[in-house]
Ligand code: ATP
């Protein structure tokens, strides 16, 4: 019997809409699988909360969250609040304080998704460094507003940070029977930080003789993502490179509505956080037409992280079944179904698969 405590933060815009469907899936699993017990508490920390309280979350929020096994996050962003407030006062403190130094993004072309790559098997993960690299707040500006104005933004690549992300990538490859790890670099032009990146990734790779390491310059790699995405298995990248590659990867396999992500603290010292790649999508918020698949797939990543790979697999199978059946499709997939219809169709498929699995159907 496993009993998990989950913190749910739906956020802004379509966040709460897609989160409703993710919670429906969790409630169903709880009902159908007696070995799986889950409790969740929902926190209303979002832009509305900021407008009421002058902060994105309470002062003791991290202490509160620390007690949970995982955090399920929706999306954040509202035009009434500057982006640097929503990001740097909510998402970043969680990622940084909980040492979620790995951002894992699966890039998988689901069966039935119409794409120019239909018929190809595209199934890889991007392991993005999530705590340092190009997204540091080290730097500053001088001579503001003058012709001499200078901006300096430092990239922080550390031996320890790179070692940890490389080790995670190789371990992931080993655990999932993958043969190749691809490293994104640019050491021909970024000659200090990226050279250290290359050296450390190579050193870690030596401990995995059965796994091939290939390094590509980021510009070439971006082109290969488009020209031959079926060739990749595990891609490891710095914060900025990984961020860009992730959006490219998600475009290749069907768009943001289908792209989940995990912010992981691999040691388990702190809860990890699971969220769709997409933002709050203000253009469609409130219309009930957002695709909840990315959020539901994030639930699958969360369950895999918590040790229930079986339940993660059955959720993904249900999502694929609904897409293949082609009866329920949200507008981003070319249909006219609502968020809630899509969530319910996935729940129906899930229920059927679980009952079949137990021989009760
Ligand atoms: P943010 O700055 O918060 O990332 P954004 O609007 O720049 O916000 P997204 O919110 O990710 O970026 O949205 C980008 C586009 O993708 C929008 O047109 C949005 O409607 C669409 N989109 C994002 N998520 C979904 C979804 N789950 N279902 C359907 N369309 C989506």
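Using a Förster distance of 25 angstrom, determine the FRET efficiency expected from the C-beta separation of residue 247 and residue 5, and round it to 0.05. That gives a FRET efficiency of 0.20.
Subtracting the Cα-Cα distance from 0.36 nm times the residue separation, let me have the gained length for residue 358 to residue 20 in nm, one decimal.
On the way: separation 338, 0.36 × 338 = 121.68 nm, distance 2.67 nm.
That works out to 119.0 nm of additional length.
Quick one: go through the stretch 274-318 and flag any residue whose amide nitrogen is under 15 Å from the point 7 Å out along the Cα-to-Cβ line of residue 83. Output list for this probe position: 278-283. Place a point 7 Å from Cα of residue 116 in the direction of its Cβ. Which residues in the stretch 317-345 have their backbone N less than 11 Å from it? Nothing falls inside the zone, counting backbone N under 11 Å.
Exposure proxy ranking for 273, 194, based on other Cβ atoms within 10 angstrom of each Cβ and starting from the fewest, stands as 194, 273.
What residue among 160, 180, 86 shows peak mean-square fluctuation when the chain is described by a Gaussian network model with Cα springs under 10 Å? Fluctuation is largest for 160. The Cα center of the stretch 222-256 and the Cα center of the stretch 314-361 differ in position by 26 Å. Helix content alone sets the calculated 222 nm mean residue ellipticity of the chain: runs of n ≥ 4 DSSP H residues at -39500 (n - 2.57) each, divided across all residues, give -12500 deg cm²/dmol.
Pairs of Cα atoms under 8 Å, at least six residues apart: use those to get the relative contact order of the stretch 102-258, whole percent. Please list the in-between numbers first.
On the way: 270 pairs, mean separation 52.2, N = 157.
This gives 33 percent for the stretch 102-258.
When only Cα pairs under 8 Å and 6 or more residues apart are kept, what is the percent relative contact order across the chain? Show your work: numbers first, answer last.
Details: 710 pairs, mean separation 80.0, N = 361.
Relative contact order, the chain: 22 percent.
Mind giving me the FRET efficiency for residue 44 and residue 97? R0 is 22 Å, r the Cβ-Cβ distance, nearest 0.05 is fine. Working from the Cβ atoms, E equals 0.60. Place a point 7 Å from the Cα of residue 220 along the Cα-to-Cβ direction; which residues of the stretch 180-197 have their backbone N under 17 Å from it? Label zone hits: 181-191, 194-195. Placing pseudo-labels 7 Å out from each Cα toward the beta carbon at residue 148 and residue 227 gives an inter-label distance of 4.6 nm.
Shape of the stretch 102-258 from its Cα gyration tensor (a ≥ b ≥ c, root eigenvalues): rounded if a/c is under 1.5, otherwise prolate when a/b > b/c, or oblate? Mind dumping the intermediate values first?
Working: a/c = 2.34, a/b = 1.40, b/c = 1.68.
Taking the square roots of the gyration eigenvalues as a ≥ b ≥ c, the stretch 102-258 is oblate.
FYI, it's all coordinate maths here, none of it is from the lab. Just so it is clear, the structure is predicted and the values come from calculations on it, not from any experiment. No Cβ is skipped: glycine too gets one built from the backbone with ideal geometry, and neighbour counts run over all protein chains shown.
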